[in-house]
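None of the figures in this text is laboratory data; all of them are computed from the coordinates on show. Since we're looking at a predicted model, the values are computed, not measured. All Cβ positions, glycine included, derive from the backbone under ideal geometry; neighbour counts span all protein chains shown.
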Amino acid sequence: MNEHVHAPTLSERADEIEEKMMHDLAERIASKSVLFGMADGKVEIFDAAAFKAKNPDKYFLMGADPRLPKMPEKPTLIDFFNNRFASLNHLLQSATLALKNGHSEKIVLACLLHDIGVASFIRCDHGYWGAQMIEPYVDEEVSWAVRMHQALRFFPDPSVGYEYPQQYINNFGADYKPEPYIVREYERAKNHKWYMSARLICVNDIYSFDPNAKVNLDNFVDIIGRNFRQPEEGLGFDDSPSAHMWRTLMWPTRFL
Ligand SMILES: [Fe+2]
Ligand SMILES: [Fe+2]
């Protein structure tokens, strides 16, 4: 038996939390936001003051995290696709299908961007997050459609052959019922002039990755160029209402 095994003291526990909440990058300390810890079932915050008291010569990171892919000074949407979106397959396959089905560039762009919330940021309410990120840069109809696909995907529309996805039954159980806010959003969207644009995101949403499909972001560069108002200053630096979201994605471990 190891005589040194003991219940952690309060200060050891604090050190443990501290370690989990930050990463020492030699020069700078990368901070872990409270939200990141919640994914592990913990609501806890890194005690920066206590850490500084013990490590007066250390500083916190206030910019790029060297562990993450480097972003250019004036990042474009394509740079985020390449360096911050964890998976492109689903987005590219959905957009490819929309293109094949002969939809307008607006719909193709909506399909290409519909799940950037999930691909880069957060799953919960991903349609809302994604719509907010792109709102200043796309036609209003595109961001509206991305926002509303969040709700519409839970409701069938036989007029366009859209069934409740089998994948949702597999993922959430047969008894999952959308919450009232989702139902209310669906009711609002159903009577909206752009209903079909949001619905077409669901219709072209590919629920399973086809490993044989050949998809490439290059096929969409022109559509992005014509339909996404890339700010000259770079996404994140143009003072738009969602610039902070792109910056956060660029610098997720910045102290403040
Ligand atoms: Fe989605
Ligand atoms: Fe999707």
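On the given criteria, is Arg184 more than 30 Å from Ala64 (Cα to Cα), of a type in the set (Lys, Arg) and in contact (Cβ under 8 Å) with a residue 40 or more places away in the chain? Let's see the steps before the verdict.
On the way: more than 30 Å from Ala64 (Cα to Cα): yes; of a type in the set (Lys, Arg): yes; in contact (Cβ under 8 Å) with a residue 40 or more places away in the chain: no.
No.
Residues to consider are Arg184, Arg226, Arg199; find the one that is within 16 Å of ligand 1 (Cβ to nearest atom) and of a type outside the set (Gly, Ala, Ser). First the steps, then the outcome.
Details: Arg184 fails: within 16 Å of ligand 1 (Cβ to nearest atom); Arg226 fails: within 16 Å of ligand 1 (Cβ to nearest atom).
So the residue among Arg184, Arg226, Arg199 that is within 16 Å of ligand 1 (Cβ to nearest atom) and of a type outside the set (Gly, Ala, Ser) is Arg199.
I'm trying to understand the selection: among the residues of the stretch 145-173, which are hydrophobic (A, V, I, L, M, F, W, C), within 22 Å of Leu113 (Cβ to Cβ), out of contact with any Ser or Thr (no Cβ under 6 Å at 6 or more places or on another chain) and in a helix (DSSP H, G or I)? Write out each step before concluding.
As a first pass, look at the stretch 145-173 and keep what is hydrophobic (A, V, I, L, M, F, W, C): 145-146, 148, 151-152, 154-155, 160, 169, 172.
From what is left, the residues that are within 22 Å of Leu113 (Cβ to Cβ) are 145-146, 148, 151-152, 154-155, 160.
Narrowing the set further to residues that are out of contact with any Ser or Thr (no Cβ under 6 Å at 6 or more places or on another chain) leaves 146, 148, 151-152, 154-155, 160.
Val146, Met148, Ala151, Leu152, Val160 - these are the residues of the stretch 145-173 that are hydrophobic (A, V, I, L, M, F, W, C), within 22 Å of Leu113 (Cβ to Cβ), out of contact with any Ser or Thr (no Cβ under 6 Å at 6 or more places or on another chain) and in a helix (DSSP H, G or I).
From Ala86, Ala39, grab the single residue that is under 22 Å from Arg247 (Cβ atoms), surrounded by fewer than 16 Cβ atoms within 10 Å (Cβ to Cβ) and within 16 Å of ligand 2 (Cβ to nearest atom). Before the answer, list the steps.
Working: Ala39 fails: within 16 Å of ligand 2 (Cβ to nearest atom).
Ala86 is the lone residue from the list that is under 22 Å from Arg247 (Cβ atoms), surrounded by fewer than 16 Cβ atoms within 10 Å (Cβ to Cβ) and within 16 Å of ligand 2 (Cβ to nearest atom).
How many of the residues in the stretch 202-223 are farther than 16 Å from Arg147 by Cα, within 16 Å of ligand 1 (Cβ to nearest atom) and in contact with a Phe, Trp or Tyr (Cβ under 9 Å, 6 or more places away or on another chain)? Break it down into steps so the answer makes sense when it comes.
Step one: filter the stretch 202-223 for residues farther than 16 Å from Arg147 by Cα, giving 206-223.
Still in the list and also within 16 Å of ligand 1 (Cβ to nearest atom): 206-209.
Okay, now just the ones that are also in contact with a Phe, Trp or Tyr (Cβ under 9 Å, 6 or more places away or on another chain), so 207.
Looking only at that region, the number is 1.
What number of residues within the stretch 113-142 are more than 14 Å from ligand 1 (Cβ to nearest atom), touching a residue at least 12 places away in the same chain (Cβ under 8 Å) and either in a helix (DSSP H, G or I) or of a type in the set (A, V, I, L, M) (or both)? Spell out the reasoning first.
The first filter runs over the stretch 113-142 and keeps only residues more than 14 Å from ligand 1 (Cβ to nearest atom), leaving 132, 135-142.
Applying the additional criterion that residues be touching a residue at least 12 places away in the same chain (Cβ under 8 Å) yields 132, 135-139, 141-142.
Okay, now just the ones that are also either in a helix (DSSP H, G or I) or of a type in the set (A, V, I, L, M) (or both), so 132, 135-138, 141-142.
Counting residues in the stretch 113-142 that are more than 14 Å from ligand 1 (Cβ to nearest atom), touching a residue at least 12 places away in the same chain (Cβ under 8 Å) and either in a helix (DSSP H, G or I) or of a type in the set (A, V, I, L, M) (or both) gives 7.
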